[in-house]
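Remarks on the structure that follows.
Every number in this text was worked out from the coordinates using simple rules, so none of it is lab data. Nothing here was measured: the structure is a model prediction, and the numbers come from that model. FYI the Cβ positions are ideal-geometry reconstructions off the backbone, even for glycines, and counts take in every protein chain you see.
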Amino acid sequence: MASTLILLACLAVATLAVPARHEHGNAELSKANAGFSQRLYQKIAVGKSEAVYSPYSIHSALSMTALGARGQTASEMYSTLGLTSMAAGPDNAYHDLIVRLNSAKDVQLYTGNGIFTNPSFNIVPSFVTDVQNKYFAKAEAFDMNAAGGPEKPINDFIERNTHDMIKNVVKSNSITSDTVMLLVNTLFFKGNWAENFDVYKTQKKPFHQLGGARSQVDMMKDERHVNFKSDNSLKADMVRIPFKGGRFSLYVVLPQSVDGITALETSLTSGDAINKLFDGLEPKYASLEIPKFRIESSFQLKDQLKALGMVKAFDAKAANFSGITPAKETYISSVIHQAMIEVKETGTTAAATTAVSIEATSLLVPPPDMVYFRADHPFLFFLRDDQTKQILFQGKFSG
């Protein structure tokens with residue numbers, strides 16, 4: 001009977017430092033994460049009208065698991081994650097990144113890891129010690145006879161770490177006697193804009209969807225100083241909207257043509273495009289129109305990760321996780337990811353209701369060098385830690 005590992009990568013984003021010891025490692029890790037994010041995007045978001053996911057959450061959960069992989073299984077995992085250039089591996093860099101994220105000021109941000117093990121299996125002690133020391137993971141055995149099932153304590157852990165925003169990820173009866181371990185990563189973010197959008201300026205406006213259809217969205221509006229760039233190579237404009245404190249920002253990347261989202265999605269996978277995306281912004285005075293939106297996504301990532309080259313890890317006959325357990329035929333049975341984001345006038349939030357008012361006409365004369373950024377057709381967005389250059393999550397909105 002084959003033994004299984006289950007990975008859970010859970011993101012909750014609500015109401016939208018310690019110095020690192022390995023700056024070079026952090027730069028390599030952020031580059032690997034960004035590249036992985038774009039490759040994964042092609043598998044999970046292209047063709048969908050909207051999606052949100054956390055590259056950080058998925059990448060860190062898989063990196064934590066790779067600590068126990070050996071041989072070709074490890075090689076495939078590190079290659080898929082873009083970590084082959086990190087000779088010492090990503091673990092020390094992740095240690096420092098977690099410290100820096102969890103010590104962030106001006107926003108509420110918490111990332112946590114957990115490993116839940118089957119006491120019937122012999123787990124390699126050094127694996128548990130390593131994930132505790134390097135990834136600050138909580139280690140706990142699950143009880144097959146627990147009230148509510150062995151899944152309940154794990155779901156409780158996820159709900160607590162995401163402030164009740166992500167619930168019931170581990171379904172009843174999904175843990176069996178053959179389940180060796182569940183590895184969990186959670187991420188919670190809560191931040192207000194450095195400069196709010198006025199609620200009274202929000203009004204219904206048309207949004208141009210692919211194929212010529214139109215919808216009505218609640219469009220926020222403001223005139224302010226922002227960082228902006230027009231990228232002719234990507235045929236897209238981008239604006240940075242910072243949260244309080246200035247360390248974290250939401251980037252909105254808007255194709256210059258109404259139907260340009262597909263070309264933009266493709267362009268970001270070529271070369272070093274994603275790492276250059278955040279360079280070259282300049283201060284501008286802008287008229288902003290950004291829709292309010294809420295997106296929830298859920299993914300089973302097994303097939304997508306296999307398509308990216310992580311094959312052996314999911315094969316009971318080929319997988320080698322002897323760094324986790326000596327039990328034969330131990331493999332990853334599933335990788336589950338859930339994410340949610342809501343953007344509104346005060347920032348990004350969960351489960352909020354906002355009144356919509358008609359905008360008053362402004363009598364101010366705009367400066368001659370004002371740029372106009374009207375996100376009224378499909379666009380990409382990134383929530384990024386500008387200090388560590390980590391993309392915490394990425395998504396697409398299509399009205």
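Work through the residues other than residue 268 whose Cβ is under 12 Å from its Cβ and net out their charges, Lys, Arg +1 and Asp, Glu -1. Value of the local net charge: +1.
Counting other beta carbons within 10 Å of each residue's own, what order do 282, 342, 140 fall into, fewest first? Don't skip to the answer; put the middle values down first.
Values: 282 10, 342 22, 140 14.
Ascending number of Cβ neighbours within 10 Å: 282, 140, 342.
The fraction of all Cα pairs in the chain landing in successive 20 Å bins from 0 to the largest distance is 27, 55, 17, 1, given as whole percents.
The trypsin sites (Lys or Arg not before Pro) of the range 112-167 that meet both conditions, a loop assignment by DSSP and at most 14 other Cβ atoms within 10 Å of the site Cβ, are 167. If you filter the range 369-399 for chymotrypsin sites (Phe, Trp or Tyr not before Pro), then keep DSSP loop positions with at most 10 other Cβ within 10 Å, what is left? Sparse-neighbourhood loop chymotrypsin sites (Phe, Trp or Tyr not before Pro): none present.
Between the alpha-carbon centres of the range 22-56 and the range 169-200 there is a gap of 17 Å.
If a/c stays under 1.5 just call it rounded; otherwise compare a/b with b/c (prolate if a/b is bigger, oblate if not). Do that for the range 107-230, with a ≥ b ≥ c from the square roots of the Cα gyration tensor eigenvalues. Because a/c hits 1.5 or more and a/b exceeds b/c, the range 107-230 counts as prolate.
Using only alpha carbons, build the gyration tensor for the range 177-269 and give me the equivalent ellipsoid semi-axes, biggest first, whole Å.
Working: eigenvalues 174, 103, 61 Å².
The answer is 29, 23, 18 Å, longest axis first.
Expressed to the nearest 5 percent, the antiparallel share of DSSP beta bridges inside the chain is 70 percent.
Calculate the dipole size of the chain relative to its Cα centre from +1 charges on Lys and Arg beta carbons and -1 charges on Asp and Glu beta carbons; express the result in debye to the nearest 20.
On the way: 40 positive and 39 negative charges, 45 e Å.
Using only the charged Cβ atoms, the result is roughly 220 debye.
This model, with +1 at the C-beta of Lys and Arg and -1 at the C-beta of Asp and Glu, gives the range 164-288 a dipole about its Cα centre of some 340 debye. For the range 205-242, the list of trypsin sites (Lys or Arg not before Pro) that fall in a loop by DSSP and count at most 16 other C-beta atoms within 10 angstrom reads 235. Given R0 = 25 Å, the distance between the Cβ atoms of residue 213 and residue 48 translates into a calculated FRET efficiency of 0.95. Normalised by residue count, the range 172-228 yields a Cα convex hull volume of 274 Å³ per residue. Here the convex hull built on the C-alpha positions of the range 40-171 has a volume of 154 cubic angstrom per residue.
Once the other residues with Cβ under 13 Å from the Cβ of residue 238 are scored (Lys, Arg +1; Asp, Glu -1), what is the net sum? Mind dumping the intermediate values first?
Numbers: positive: 229, 235, 240, 276, 284, 384; negative: 231, 237, 279, 282.
The answer is +2.
Computed over the chain, the per-residue total of -39500 (n - 2.57) for DSSP H runs of n ≥ 4 gives a 222 nm mean residue ellipticity of -7000 deg cm²/dmol, rounded to 500.
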